[in-house]
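The values are calculated or read from the model by the stated rules, or taken from the named source; none is laboratory data. In this text, all values refer to a predicted model and were calculated from it rather than measured experimentally. Cβ coordinates were reconstructed from backbone atoms using ideal geometry, including for glycine residues, and neighbour counts include every protein chain displayed. Ligands, DNA and RNA are stripped out before the accessible areas are found, and what is left, the full protein with its side chains, is counted by its heavy atoms. Shrake-Rupley method; radii C 1.70, N 1.55, O 1.52, S 1.80 Å.
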Amino acid sequence: MMISALREKGSFAIRAARGIDVQNGKVVPDAVAIVDGDRILEFGSGLSRKGTTVIDLGDATLLPGLHDNHCHLMLEPIDVTTVVYRRSSAAKTLAALDNAQKTLHAGFTTVRDPGDCDWQFGTIDLRRFLAATRALGPRLLVAPHYLSITGGHGDANDFACDLCMRGIGKIVDGVDAMRQAVREEIKFGADWIKLFASGGVLSMGDDPSHSHYTREEIRVAAEEAHRLGKRITAHAHGAEAVRWCAEADFDSIEHCTMIDEEGRRAMKEKGIYCVPTLYVLDFLQLPENPMNLDASIIGKARDMRSFQRDRFARIVEEGVPVAYGTDIGVFPHGENWRDFPCMVECGMDPMEAIRSATWNSARMNGIEAEVGALAPGLKADVIAVEGDPLADVTRLAEVRFVMRDGTVVREER
């Protein structure tokens with residue numbers, strides 16, 4: 001999918017039946033966003049401005065561009081061996097460009113790719129390519145690689161030992177190696193550091209409930225990332241792995257599938273964001289799943305799913321910060337909306353679910369001065385969906401309008 005600009009930057013008054021002020025959690029009736037160039041000048045009810053082109057979207061809802069903080073642009077829901085081992089870095093990066101454009105078309109104007117299946121730095125090159133507007137795509141934040149222990153979630157545990165296969169992660173063992181790995185990631189352009197603090201689902205021979213890195217390795221990773229001005233996150237299913245990452249002051253923790261009371265309390269007290277990735281475990285268990293998965297992986301997905309919704313409901317109830325993330329790439333790109341109904345099913349108010357994918361996400365990434373809301377001075381990332389997503393959160397799948405940095409890339413009347 002290659003998308004092009006439908007309207008270049010200019011002066012626009014974008015009107016819809018309602019809009020959402022995500023900073024204050026309020027609905028704005030007869031909503032209008034006044035845009036000039038790549039910035040929002042005003043947002044409010046019934047606004048008008050001379051010299052602007054009016055884009056009237058009727059019975060729609062205006063929102064800031066959505067954010068997906070767990071988006072694997074190089075992955076696709078096909079045979080994993082094909083994706084990882086039969087594509088070059090260049091082929092993976094080209095696929096990532098296509099998938100990034102599907103993501104933008106779905107209304108997600110900012111994406112965090114927290115590690116991908118490339119042994120080079122293709123996602124860094126893609127970020128620079130998109131930032132230079134050599135192609136249209138979402139704003140991209142990148143953790144180039146997964147850091148994994150030997151035999152962990154990022155290692156190639158399902159190949160014969162004499163093949164010496166590389167896994168999807170960067171294998172890092174020990175405190176000194178961890179410092180070096182973090183420094184290397186940052187040297188080549190990382191926005192975030194990502195490590196596998198526990199076992200995972202889409203891997204052989206490891207257990208998602210087991211902690212992989214030691215407390216000291218986890219602490220050193222966070223210390224080094226923060227000392228060099230970067231943020232750090234961790235894949236963590238098991239309760240102990242979540243606690244250790246919270247203890248080390250990580251900025252976010254992905255999945256949090258088996259989180260316990262102590263982990264929730266620490267994350268809330270420290271303002272550490274949970275990025276939950278809910279729908280993906282449902283997708284992995286579908287009979288028509290096209291990924292040719294081993295029965296043990298399906299079993300792990302089923303086991304983790306038995307904890308997931310209950311533990312996330314407690315996260316919501318206890319007020320742990322949440323930022324939206326899907327693990328897309330394991331399911332089809334462009335369907336980034338699918339976690340919203342899962343979140344609401346777990347007791348999250350639709351407004352809070354939308355805030356998790358806008359204002360909360362911007363704050364987690366430290367870019368709230370630029371994006372995350374419809375507010376004067378922020379970047380003109382504006383989308384519109386059919387109807388009212390606060391009444392029916394699945395409306396977030398019905399995107400009619402997408403503006404990224406003042407450029408219209410989707411417009412349906």
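So if each residue of separation counts as 0.36 nm, and I subtract the Cα-Cα distance between residue 223 and residue 7, what length gain in nm does that give? Don't jump to the answer; show the numbers that get you there.
On the way: separation 216, 0.36 × 216 = 77.76 nm, distance 4.50 nm.
The residue 223-residue 7 span can extend by a further 73.3 nm.
If eta is 1.567 mPa s and T is 4 °C, what Stokes-Einstein diffusion coefficient results for segment 152-302, Kirkwood Rh from Cα pairs, in µm²/s? Spell out each step's value before the answer.
Numbers: Rh = 16.1 Å.
D = 80 µm²/s.
Please work out how much accessible surface residue 191 shows to a 1.4 Å probe, ignoring ligands, DNA and RNA, in Å² rounded to 10.
40
With a probe of 1.4 Å, find how much accessible area segment 265-413 has per residue, and write the answer as a whole number in Å².
On the way: 5290 Å² over 149 residues.
About 36 Å² of surface per residue is accessible.
Ignoring ligands, DNA and RNA, how do 70, 212 rank by accessible area with a 1.4 Å probe, largest first? Intermediate values should be presented prior to the final figure.
Values: 70 5, 212 35 Å².
These residues rank, largest area first, as 212, 70.
Rounded to the nearest 500 deg cm²/dmol, what is the calculated helix-only ellipticity per residue at 222 nm for the chain, with -39500 (n - 2.57) per DSSP H run of length n ≥ 4?
-9500 deg cm²/dmol
So with the 1.4 Å probe, I'd like the accessible area per residue for segment 1-54, rounded to whole Å². Mind dumping the intermediate values first?
On the way: 2810 Å² over 54 residues.
It amounts to 52 Å² per residue over segment 1-54.
Checking the table 268/379; 230/270; 9/379; 9/230 against a 22 Å threshold on Cα-Cα, which pairs fail?
Numbers: 268/379 29 Å; 230/270 17 Å; 9/379 12 Å; 9/230 32 Å.
Cα-Cα > 22 Å for 268/379; 9/230; rest within.
Using a Förster distance of 56 angstrom, determine the FRET efficiency expected from the C-beta separation of residue 38 and residue 78, and round it to 0.05. Please list the in-between numbers first.
Details: r = 36 Å, r/R0 = 0.65.
For R0 = 56 Å, the calculated efficiency reads 0.95.
Leaving out same-chain residues fewer than 8 places away, which lysines sit with a Cα under 18 Å from that of residue 170?
The qualifying lysines are 92, 187, 194.
If I require 20 Å or longer along the helix axis, counting alpha carbons, and a Kyte-Doolittle average no lower than -1.0, what helices from the chain are left? Use full DSSP H segments. Don't skip to the end; give the middle numbers.
Working: long enough: 89-105 (24 Å, -0.19); 295-318 (35 Å, -0.64).
Qualifying helices, which must be both long enough and hydrophobic enough, are 89-105, 295-318.
Would you mind checking segment 241-257 for residues with the amide N under 16 Å from a putative spin-label position 7 Å along Cα→C-beta of residue 175?
Zone members listed by number: 248.
Using a 1.4 Å probe and counting only protein heavy atoms, arrange 337, 192 so the residue with the most accessible area comes first.
On the way: 337 55, 192 5 Å².
Per-residue accessible area, sorted high to low, gives 337, 192.
How big is D, in µm² s⁻¹, for segment 235-352 by Stokes-Einstein at 25 °C and 0.890 mPa s if Rh is the Kirkwood radius over C-alpha pairs? Please report the intermediate quantities before stating the final value.
Values: Rh = 14.5 Å.
Once the numbers are plugged in, D ends up at 169 µm²/s.
Pull out the extension gain between residue 216 and residue 129, defined as 0.36 nm times the separation in residues minus the alpha carbon to alpha carbon distance; nm, one decimal. Spell out each step's value before the answer.
Values: separation 87, 0.36 × 87 = 31.32 nm, distance 3.68 nm.
Roughly 27.6 nm would be gained on extension.
Can you give the accessible area of residue 128 in Å² (nearest 10), computed on protein heavy atoms with a 1.4 Å probe?
130
State, to one decimal in nm, how far the label point of residue 183 lies from the label point of residue 119, with both points 7 Å from Cα in the Cβ direction.
Calculated label separation equals 2.4 nm.
Ignoring any ligand, DNA or RNA, what whole percent of the accessible area of the chain comes from carbon and sulfur when the probe is 1.4 angstrom? Don't jump to the answer; show the numbers that get you there.
Working: 7360 of 15300 Å².
It is 48 percent, rounded to a whole number.
Could you do me a favour and compute the accessible area per residue for segment 99-198, 1.4 Å probe, result in Å²? Each step should come with its number before you reach the end.
Working: 3650 Å² over 100 residues.
Accessible surface, normalised per residue, equals 36 Å².
Grab the Cα-Cα distance for residue 161 and residue 260, subtract it from 0.36 nm times how many residues apart they are, and report the gain in nm with one decimal.
Working: separation 99, 0.36 × 99 = 35.64 nm, distance 3.64 nm.
In short, 32.0 nm is gained.
Suppose we look only past 19 Å in the calculated P(r) of segment 87-199. What percent of the Cα-Cα pairs does that tail hold?
Every Cα pair in segment 87-199 considered, those over 19 Å come to 49 percent.
If you take the beta carbon distance between residue 289 and residue 392 as r and set R0 to 25 Å, what does 1/(1 + (r/R0)^6) give as a FRET efficiency, to the nearest 0.05? Display every interim value, and only then the final one.
Numbers: r = 27 Å, r/R0 = 1.08.
In this case the efficiency is close to 0.40.
If R0 is 30 Å, what FRET efficiency do you get for residue 89 and residue 302 from their C-beta distance, rounded to 0.05?
The value I calculate is 0.35.
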